[in-house]
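**Student:** Before I ask anything, let me first share the structure, which is written out below as structure tokens.
Nothing in this text is a laboratory measurement; each read-out follows from the coordinates by a stated rule. The structure presented is a predicted model; accordingly, all values stated were derived computationally and were not measured. Backbone-built Cβ (ideal geometry, glycine too); neighbour counts: all protein chains shown.
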Amino acid sequence: PEAITVQELANRMAERGGEVVKTLMKMGVMATITQTIDADTAELVVEEFGHRAHRVSDEDIEVGLKREDEDETDLQARPPVITVMGHVDHGKTSLLDALRKSDVAGGEAGGITQHIGAYQVEVEGGQRLTFIDTPGHAAFTDMRARGATVTDVVILVVAADDGIMAQTVEAISHAKAAGVPIVVAINKIDKPGADPNRVMTELLQHNLVPESMGGDIICVPVSALSREGLPDLIESILLQAELLDLKANPGRPAEGTVIEARLEQGRGSVATVLVQRGTLRVGDIFVAGSESGRVRALINDRGERVEEAGPSVPVEVLGLTGTPDAGEDFVVVEDDARAREVASFRAERKKRAQQAATAKGRGSLEQMLS
Ligand code: GTP
Ligand code: MG
């Protein structure tokens with residue numbers, strides 16, 4: 001064994017960094033989590049921990065990370081988060097585009113949405129709506145699955161000339177699993193072969209009964225192209241959102257979900273984060289999955305720098321040390337030490353899980369060959 005940092009030692013023992021620092025202190029060694037200790041000292045620490053009956057489990061490190069308890073009086077109304085789902089090419093991005101009155105779909109490579117975009121739209125009356133776009137390609141199933149966990153309402157886009165397809169069914173099951181209300185947008189009604197009634201009949205086969213057939217599923221015929229039906233669609237979403245009575249406390253450290261993350265030339269790791277509770281500010285220290293960092297800059301959906309982002313606001317975060325996975329959590333913590341402790345613990349856990357998976361894979365391969 002050689003010299004090792006306190007953090008690395010803690011990781012190898014699957015112990016909290018703070019606990020190792022404390023133990024070192026009891027042994028008369030003053031070291032911070034980033035400092036290196038010699039092999040002999042490390043061995044003594046390992047022995048010390050070995051004598052303990054109780055080991056800190058993976059779950060313990062997460063205790064107190066998120067603060068779910070909220071005082072009712074701190075809660076304020078927040079915009080609904082609406083995820084747009086549906087079969088490939090049924091017009092999800094075009095519909096969102098029409099709602100934003102901008103043109104994202106035209107600029108996309110091959111017309112396929114490459115990532116999950118998140119936007120906020122302000123409608124007449126000043127009400128804000130947060131939209132999350134999802135790609136319809138089959139390869140993005142898990143992205144869509146994650147989309148449903150941050151969402152309050154799902155807009156299910158079904159092309160009126162195509163009807164319910166494989167990824168429509170998938171989207172329905174995701175929405176059902178998430179237990180969120182579904183608003184069906186029957187799109188492309190401007191097309192010659194459009195048959196909204198057929199779509200509604202097909203919905204019945206998936207236990208979605210349209211209002212016009214005596215059920216509770218709102219179906220809105222729309223055209224992203226001609227903009228027909230858009231006001232009705234917005235009205236239906238607002239209605240659903242109102243029923244949900246959505247609230248969050250903006251006056252606490254931020255918590256949210258990584259919608260998308262990537263490495264960009266000259267900018268480093270960039271994550272699109274949906275803030276779900278609290279307010280995220282420039283300078284905040286955070287954990288994002290098994291990555292951590294300090295918010296260097298926040299950029300809103302219009303590409304403008306902002307100082308803060310409150311509940312339901314999607315924002316681009318600069319200042320990550322690495323690239324987290326879409327769907328991972330984003331939590332502001334009190335200090336650097338805590339951020340690194342949680343992040344490195346999670347990274348270690350991920351590594352162990354991967355190693356276990358590889359070992360298992362190898363085992364079965366050996367079995368197959370024998
Ligand atoms: P993926 O992200 O690849 O899953 O597709 P999408 O669901 O986002 O579909 P997109 O918005 O890219 O539209 C697919 C095609 O349908 C494009 O060529 C659009 O111009 C066309 N389209 C979308 N909405 C309408 C509509 O209301 N009417 C007509 N006629 N065409 C539409
Ligand atoms: Mg798209």
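**Student:** Quick one: what Rg and Dmax do you get for the stretch 158-201 from the alpha carbons, in Å?
**Tutor:** Calculated on Cα positions, Rg and Dmax stand at 11.3, 35 Å.
**Student:** As an exercise, take the mean of 1/r over every pair of distinct alpha carbons in the stretch 279-350, invert it, and state the Kirkwood radius in angstroms.
**Tutor:** Numbers: mean 1/r = 0.0808 Å⁻¹.
Result for the stretch 279-350, one decimal place: 12.4 Å.
**Student:** When you take every Cα atom in the stretch 196-295, what is the radius of gyration, and what is Dmax, the widest Cα pair distance, in Å?
**Tutor:** Computed over the Cα atoms of the stretch 196-295, radius of gyration and Dmax are 20.4, 56 Å.
**Student:** How much length would be gained if the chain were fully extended between ALA166 and LYS66, taking 0.36 nm per residue of separation minus their Cα-Cα distance, in nm to one decimal? Present the calculation step by step, with values, prior to reporting the outcome.
**Tutor:** Values: separation 100, 0.36 × 100 = 36.00 nm, distance 3.68 nm.
Using 0.36 nm per residue and subtracting the Cα-Cα distance, I get 32.3 nm.
**Student:** Please list, in chain and number order, the residues 5+ apart from ASN249 or on another chain whose amide H is under 5 Å from its amide H, with Hs placed from the backbone.
**Tutor:** GLN76, GLY278
**Student:** Now for a different question. If you take every residue apart from ALA297 with its C-beta less than 10 Å away from the C-beta of ALA297, what net charge results, scoring Lys and Arg +1 and Asp and Glu -1?
**Tutor:** Values: positive: ARG267, ARG296, ARG305; negative: GLU307, GLU316.
After counting each charged neighbour, the total is +1.
**Student:** Treating cross-link reach as a plain straight distance, find the lysines whose alpha-carbon is under 26 Å from the alpha-carbon of LYS247, omitting any fewer than eight places away in the same chain.
**Tutor:** LYS66, LYS176
**Student:** In the stretch 186-281, what GluC sites (Glu not before Pro) fall in a loop by DSSP, with at most 16 other Cβ atoms inside 10 Å? Don't skip to the answer; put the middle values down first.
**Tutor:** Values: sites: GLU202, GLU211, GLU228, GLU235, GLU242, GLU255, GLU260, GLU264; in loops: GLU228.
The qualifying sites are GLU228.
**Student:** May I ask for the net charge around LYS191, where only other residues with Cβ less than 14 Å from the Cβ of LYS191 are counted and Lys, Arg are +1 while Asp, Glu are -1?
**Tutor:** Working: positive: LYS188, ARG198; negative: ASP89, ASP161, ASP162, ASP190, ASP195, GLU228.
Computed value for this residue: -4.
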